[in-house]
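Accompanying notes for the structure given below.
The values are calculated or read from the model by the stated rules, or taken from the named source; none is laboratory data. Computed from a predicted model, the values in this text were never measured in an experiment. Here Cβ is always computed from backbone atoms with ideal geometry, including for glycine, and neighbour counts include all displayed protein chains.
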Amino acid sequence: MIEFPQHFLWGTATSAYQIEGSPLADGAGASIWHRFTHTPNLVRDGATGDVACDHYRRFLDDVALMRSFGTNAYRFSTSWSRVMPLGRNAVNPAGLDFYDRLVDALLANGIEPMVTLYHWDLPAALDDLGGWLNPEIAKWFAEYAAVVFRRLDGRVKMWATLNEPWVVTDGGYLHGALAPGHRNRFEAPIATHHLLRAHAEAVKTYRAEGRHRIGIVVNLEPKYPASHNPTDRASALRADAYMNRQYLDPIFLGRYPEELGQMFGEAWPQWPADDFALIQQPIDFLGVNYYTRSVTRFDPHAWLLQASPVPQKRATYTETGWEVFAPALTDTLVWVKGRYGNPPIYVTENGAAFFDPPVVEGNRVADPLRVDYLRKHIKAVHAAIEHGVDVRGYFVWSLLDNFEWRLGYSKRFGIVHVDFDTQKRTPKDSALFYAEVIASKGHVLNNPPAPL
Ligand code: BGC
């Protein structure tokens, strides 16, 4: 029998560069994503975040949509270069004012804000100084965090330092698919370490400046070995160390997983013990983003992991090529509880890109595959709660179809359809389904699903 707790948070999630548009408006500085999207051939169809969902100017409409679904929480990110155009020193008052008005609008509509301070949009001026490779960045990040805390902590009760640091290093410094687009195995572990130090300095600053709760958001993707063969099992462990434990082990256990040193070899640096004491700073909650799992086999030719994913024959795959496999969400939440001592958890992102049919008369968008995805995954969250995991909220990725990084506007994750020519928003069937889940505290999930 599914029934979610009374105070469970039901939210949607977005990030600044993906929805706001107006990246240089009112005194804002450029971010690395502005630079990346304006460099030819890096992003599909030459897409940029110049307009995106025009949320910077339409945020009141978007808050009204959230309210219409009955959500009681919203996770968004602040843009560092909107708040501090050069990333340090001078603050841009108009940038802070925008987030101030957004927070007020949310609270006026009974929606609790969760603010992420960094969702990949580093100020370009800091990238010119080395970005995440410059050790000074931990201090710069804490200074920026303090500015935002001072302005919003009276009203914002949930803070996250970084979104998915693994993606920042893997996409930004190792494989080059995301800004700033580097491909360098020596850089990746350095970026990782300074991300962790920056996270910790921001948490430390929060203990002095803030009065509520702060955590970090990681993306977890459980790795299952393709067979019982020891080489396959070892490959799954390497993949798991790289993607899932690389950030959580230092934060909760004060050390990196051993596999990483073996994998990176001469590119793996040694760091002072003091750094680990800093990084182990207690946090108040963990944000978990979950999209898919991976089944892994040993592959001697696959650098860096010597592991390759094995396609699953009977599975449904999303438009981004991710297997739909909800039990792994329960598994990963139970795993966090066991390994890291049952921290309070929010599922801070979960969702899927599917090909949506066009908006039809009566303003309907039928997206049965996304409804099915949400149904299975929200049930999987409930199953984790039944296993004793302290899950306190769930946020769908995403409120709106938006700028999907190097894939531009080609992949739609929204529960609200956005017509990018007119900016018209149309709630999809998945939004209506989510509203029913929320209104019934999950009870509706006890009914058998309508056939697809
Ligand atoms: C990120 C989002 C992204 C989503 C879908 C997550 O990794 O936090 O920014 O849009 O996945 O790819």
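Would you call Ser15 touching a helix residue (DSSP H, G or I) at 6+ places or on another chain (Cβ under 9 Å), of a type in the set (S, T, N, Q) and under 30 Å from Ala142 (Cβ atoms)? Against the criterion (touching a helix residue (DSSP H, G or I) at 6+ places or on another chain (Cβ under 9 Å), of a type in the set (S, T, N, Q) and under 30 Å from Ala142 (Cβ atoms)), Ser15 does not qualify. In segment 266-281, the residues that are touching a residue at least 60 places away in the same chain (Cβ under 8 Å) and surrounded by 12 or more Cβ atoms within 10 Å (Cβ to Cβ) form Cβ pairs under 8 Å with partners that are aromatic (Phe, Trp, Tyr) and not in a helix (DSSP H, G or I), at six or more places apart or across chains, as follows: Ala267/Phe186.
Among the numbered conditions (1) out of contact with any Pro (no Cβ under 9 Å at 6 or more places or on another chain); (2) part of a helix (DSSP H, G or I), the only one that Ala191 does not meet is (1). The residues of segment 428-444 that are under 16 Å from Tyr373 (Cα atoms), assigned to a loop (DSSP other than H, G, I, E, B) and over 23 Å from the mean Cα position of the chain (by Cα) amount to a single one, Gly442.
Each residue in segment 398-416 was checked for being within 10 Å of the ligand (Cβ to nearest atom) and part of a loop (DSSP other than H, G, I, E, B), and 6 of them qualify. When the test is whether a residue is surrounded by fewer than 17 Cβ atoms within 10 Å (Cβ to Cβ), touching a Ser or Thr at 6+ places or on another chain (Cβ under 8 Å), in contact (Cβ under 8 Å) with a residue 24 or more places away in the chain and not aromatic (Phe, Trp, Tyr), Asp45 passes it.
What residue, among those in segment 213-233 that are in contact (Cβ under 8 Å) with a residue 60 or more places away in the chain and over 21 Å from Gln312 (Cβ atoms), is surrounded by the fewest Cβ atoms within 10 Å (Cβ to Cβ)? Spell out the reasoning first.
Here is the first cut: in segment 213-233, the ones in contact (Cβ under 8 Å) with a residue 60 or more places away in the chain are 213-227, 229, 231-232.
Going one step further and asking which of them are over 21 Å from Gln312 (Cβ atoms), we end up with 213-218.
Details: Arg213: 16, Ile214: 25, Gly215: 25, Ile216: 28, Val217: 27, Val218: 26.
So the residue we want is Arg213.
Filter segment 110-127 down to residues that are β-branched (Val, Ile, Thr) and more than 14 Å from the ligand (Cβ to nearest atom) and give me whichever is nearest to the chain's Cα centre (by Cα). Across segment 110-127, the extreme among qualifying residues is Val115.
Quick check on Arg425: is it over 14 Å from Asp372 (Cα atoms), more than 16 Å from the ligand (Cβ to nearest atom) and either among the acidic types (Asp, Glu) or at pLDDT 95 or above (or both)?
yes
Just to check your reading of the model, which residue among Lys379, Lys428, Lys411 is in contact (Cβ under 8 Å) with a residue 12 or more places away in the chain and over 30 Å from Thr37 (Cβ atoms)? Don't jump to the end; show me each part of the working.
Details: Lys428 fails: over 30 Å from Thr37 (Cβ atoms); Lys411 fails: over 30 Å from Thr37 (Cβ atoms).
Testing whether each residue is in contact (Cβ under 8 Å) with a residue 12 or more places away in the chain and over 30 Å from Thr37 (Cβ atoms) leaves just Lys379.
Yes/no per residue for (1) over 21 Å from Tyr373 (Cα atoms); (2) among the aliphatic types (A, V, I, L, M):
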position: Asp284; (1), (2): yes, no
position: Arg293; (1), (2): no, no
position: Trp303; (1), (2): yes, no
position: Gln306; (1), (2): yes, no
position: Glu319; (1), (2): no, no
position: Leu329; (1), (2): no, yes
position: Pro344; (1), (2): yes, no
position: Asn350; (1), (2): no, no
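In segment 316-341, the residues that are free of Cβ contacts under 8 Å to residues at least 24 places away in the same chain form Cβ pairs under 9 Å with partners that are exposed (fewer than 15 other Cβ atoms within 10 Å of the Cβ), at six or more places apart or across chains, as follows: Tyr317/Pro311. Per this entry, Leu162 is counted among residues that are within 16 Å of the ligand (Cβ to nearest atom) and either closer than 22 Å to Ala241 by Cβ or part of a helix (DSSP H, G or I) (or both). For beta carbons closer than 7 Å, sequence separation of 6+ or different chains, a first residue in segment 1-24 that is closer than 18 Å to Ala380 by Cα and a second that is more than 16 Å from the ligand (Cβ to nearest atom) and among the hydrophobic types (A, V, I, L, M, F, W, C), the qualifying pairs are Ile2/Leu445; Leu9/Ala73; Trp10/Ala73; Trp10/Ile438; Gly11/Ala73; Thr12/Met66.
If you go through segment 326-361 one residue at a time, how many are part of a loop (DSSP other than H, G, I, E, B), over 20 Å from the mean Cα position of the chain (by Cα) and of a type outside the set (Phe, Trp, Tyr)?
From segment 326-361, those part of a loop (DSSP other than H, G, I, E, B) are 326, 341-344, 350-359, 361; that's our starting set.
Next cut, over 20 Å from the mean Cα position of the chain (by Cα) only: 341-342, 355-359, 361.
Next cut, of a type outside the set (Phe, Trp, Tyr) only: 341-342, 356-359, 361.
Residues in segment 326-361 being part of a loop (DSSP other than H, G, I, E, B), over 20 Å from the mean Cα position of the chain (by Cα) and of a type outside the set (Phe, Trp, Tyr): 7 in total.
Scanning segment 1-27 for residues that are in a loop (DSSP other than H, G, I, E, B), among the small types (Gly, Ala, Ser) and surrounded by 24 or more Cβ atoms within 10 Å (Cβ to Cβ) returns a single hit, Ser15. Taking the listed residues Val389, Val347, Val371, the one that is within 18 Å of Val437 (Cβ to Cβ), more than 16 Å from the ligand (Cβ to nearest atom) and crowded, with 20+ Cβ neighbours inside 10 Å is Val371, with no other qualifying.
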